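The structure appears right after this line, and notes come after that.
Nothing in this text is a laboratory measurement; each read-out follows from the coordinates by a stated rule. As the structure is a computational prediction, the values presented were derived from the model and not from experiment. As a convention, Cβ positions derive from the backbone with ideal geometry for all residues, glycine included, and neighbour counts pool all protein chains shown.
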Amino acid sequence: MAAPLSLREWIARLERLGELTRVDAEVDPDLEITEIADRTVKAGGPALLFEHPKGSEHALLINQFGTERRMCLALGVESLDEAAARIASLVELKPPQGARAKLGKLRELKSAAKNSQPRRVRRGACQEIVLRGDEIDLGLLPVQRCWPGDPAPFITLPAVITFDPRTGARNVGMYRMQVIDERTTFMHWQLQKDAAASWREMEGRLELAVAIGLDPTTTYAATAPLPRGLDELMLAGLLRGEPVELVKAKTVEIDVPAEAEIVLEGYVERGEVGIEGPFGDHTGFYSPAAPFPLFHLTAMTMRSDAIYTSIVVGKPPAEDAWLGKTSERLFLPAIRSAVPEIVDLDLPVAGAFHNCAIVSIRKDFPNQARKVMNAVWGLGMLSLTKAVVVVDEHVDPHDYEDVFFHVCANVDPKRDVMIAEGPLDQLDHSATLECFGGKIGIDATRKDATEGAREWPQEIEMIGAVRELVDRRWREYGIQL
Ligand SMILES: Cc1cc2nc3c(=O)[nH]c(=O)nc-3n(C[C@H](O)[C@H](O)[C@H](O)COP(=O)(O)O)c2cc1C
């Protein structure tokens, strides 16, 4: 099963597989949709297509990513680890052995090179309707006001396309957009994000385009923590196995996804900011009002019956959990190649991704856990992690009971806790300073005398052969568990 190449294809697939409910009743994008979506997400329910949002002629799709199964369907894989393996094999540094393997690798690289490059097309469905100047009206869209403390509606699932003014490299990032009026929004790129860096470095105007209602892989790619300079459309192409098709925008020098439902074109001016927010955020708290740039629209283009896509973040678990889990799985091979002793990693959804990382390691030397903590605090977006818990490789970092057991059992807080400080997520309200504060590393691995431990007893574990025997005979025992 391949990944869907447009939102239409994706909706059809969801419907065919019983993963989508159409809601005929008129519902209000002002708070009401949030309450419905939040209940549905937390119950593991279906994607929702609201066909009659109040005040708009456009349908609204939400909860398209809300379960692991749907995330896999979106990427056209059986498991998220399968998607990770697809990417990992491309960056594998081990040379293939034998003529057959070499040929296979060559074919794989050739097809990756083709798919990773977006393809320019002459016409795109995203431009069936073109509104310019006074015709532009964001009020046509059913943009949600998500939480009671939000001051205005926010576009929550946009793929924002910019170019690095120094290198010309494309960037696609997801940054929420608070609606100010028919033709203006805020652009909430946080301090450490790629487009924010481009905005700080440019002179004059930074043109940009915003695509809404994309195929699910490209939407995911906009959220992926790729290093600056790497094009998220390349990642989307590699994951889909098909290049993303682009069409020339109408009023800016930017190519935009041809299959998008809606495209907003425009610019931000260097130095022009206003006070954005507050916004009910994925931390479970309102992120405070703060200065962010203004985005001025020069065109709004769309399909004639465009479907608007949205997401609600809030107290975890919310729909973004599976977007985050996808990045956790997809980027693990790259993390492992930088820190080879890492076996596995879990970013708990309840930790809102930046607050906690649990890492299992193959420990070869004393105090290696501290090396790993420092490495995590130096790696891309993981550098914002507040708490790092390190366990031995036999502990499953996704099994929170087992992790908690080892933290409680193996940690002498005086010896095994490291307090550090460094950059933190801009949204972390607990940090003493904005974007900077304390970090904690907890070494829950087994210690020896060189690490200041007394003689360490053996951890209780059953012999493998006995476990296999019991596995084999289980039905014979007649015990129902
Ligand atoms: C639903 C959702 C909303 C997001 N909103 C924002 C946002 O408003 N501002 C922001 O800086 N990052 C936001 N993010 C995180 C970024 O999309 C993510 O860090 C991405 O890697 C940024 O791209 P960049 O590294 O190219 O800047 C959001 C992520 C998701 C899943």
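Here each label is just a point 7 Å from Cα along the line to Cβ, and for Ile275 and Ser337 those points are 4.7 nm apart.
Given +1 at the Cβ of Lys and Arg, -1 at the Cβ of Asp and Glu and no other charges, the dipole of the range 339-451 around its Cα centre is 380 debye to the nearest 20. Counting only lysines at least 8 places from Lys325 when in the same chain, those with an alpha carbon closer than 26 Å to its own are Lys42, Lys193, Lys315, Lys363, Lys371, Lys386, Lys439.
With a Förster radius of 41 Å applied to the C-beta separation of Ser430 and Glu182, the computed FRET efficiency comes to 0.65. For the chain, the Stokes-Einstein estimate of translational diffusion at 20 °C and a viscosity of 1.002 mPa s comes to 89 µm²/s, using the Kirkwood hydrodynamic radius over alpha-carbon pairs. Between Glu455 and Val121, the simple spin-label model (points 7 angstrom out along Cα→Cβ) gives 7.2 nm.
The average projected area of the range 257-414, computed from the convex hull of its Cα atoms over all directions, is 13.3 nm². Summarised in one figure, the compactness ratio Rg/Rh of the range 286-327, Cα atoms and Kirkwood Rh, is 1.09. If you take the charge dipole of the range 84-309 about its Cα centre, with +1 on Lys and Arg Cβ and -1 on Asp and Glu Cβ, which of Gln117, Leu103, Ser287 is farthest toward its positive end? Toward the positive end, the furthest listed residue is Leu103.
Note that the range 339-451, at 10 °C in a medium of 1.306 mPa s, gets a Stokes-Einstein diffusion coefficient of 113 µm²/s from its Kirkwood radius over C-alpha pairs.
The average projected area of the range 48-176, computed from the convex hull of its Cα atoms over all directions, is 13.5 nm².
Express the C-alpha Rg of the range 84-309 as a ratio against the empirical globular expectation 2.2 N^0.38 Å, rounded to two decimals. Working shown, then result.
On the way: Rg = 18.8 Å, N = 226, 2.2 N^0.38 = 17.3 Å.
With N residues counted in the range 84-309, Rg over 2.2 N^0.38 Å equals 1.09.
At an R0 of 45 angstrom, the distance between the Cβ atoms of Glu476 and Glu421 translates into a FRET efficiency of 0.20. Restricting the calculation to Cα atoms, the range 273-348 yields a radius of gyration followed by a Dmax of 18.2, 53 Å. Per-residue packing, averaged as other Cβ atoms within 10 Å, sorts the ranges 455-462, 218-225 into the order 218-225, 455-462, beginning with the highest. Taking a spot 7 Å from the Cα of Glu128 along the direction of its beta carbon, which residues of the range 206-227 have an amide N less than 16 Å from it? 212-215, by backbone N distance to the label point. Sorting the segments 411-424, 280-293, 152-165 by their mean number of nearby beta carbons within 10 angstrom, highest to lowest, gives 152-165, 280-293, 411-424.
Using only side-chain charges placed at the Cβ, +1 for Lys and Arg and -1 for Asp and Glu, the dipole size of the chain relative to its Cα centre rounds to 1720 debye. The distance separating the Cα centre of the range 1-54 from that of the range 195-260 comes to 24 Å. A Cα-only calculation for the range 407-474 places Rg and Dmax at 19.9, 59 Å.
Looking at the range 139-237, the pairs of alpha carbons with a distance over 19 Å make up 43% of the total.
When the helix-only estimate is applied to the chain (DSSP H runs of n ≥ 4, each -39,500 (n - 2.57), divided by the residue count), what is the mean residue ellipticity at 222 nm, nearest 500 deg cm²/dmol?
After summing the helix terms and dividing by residue count, I get -9000 deg cm²/dmol.
Projecting the Cα atoms of Cys356, His394, Pro423 onto the dipole axis of the range 339-451, where Lys and Arg carry +1 and Asp and Glu carry -1 at the beta carbon, places Pro423 farthest toward the positive end. Sparsely packed loop sites in the range 145-218 (the GluC sites (Glu not before Pro) outside DSSP H, G, I, E and B with at most 16 other Cβ atoms within 10 Å) comprise Glu182, Glu203. Counting neighbouring beta carbons within 10 Å and listing from fewest to most, the residues Cys408, Cys356 come out as Cys408, Cys356. The separation of the range 297-333 from the range 144-167, counted between C-alpha centres, amounts to 11 Å. Remark: the range 84-140 carries a charge dipole of roughly 800 debye about the Cα centre, counting +1 on each Lys and Arg Cβ and -1 on each Asp and Glu Cβ.
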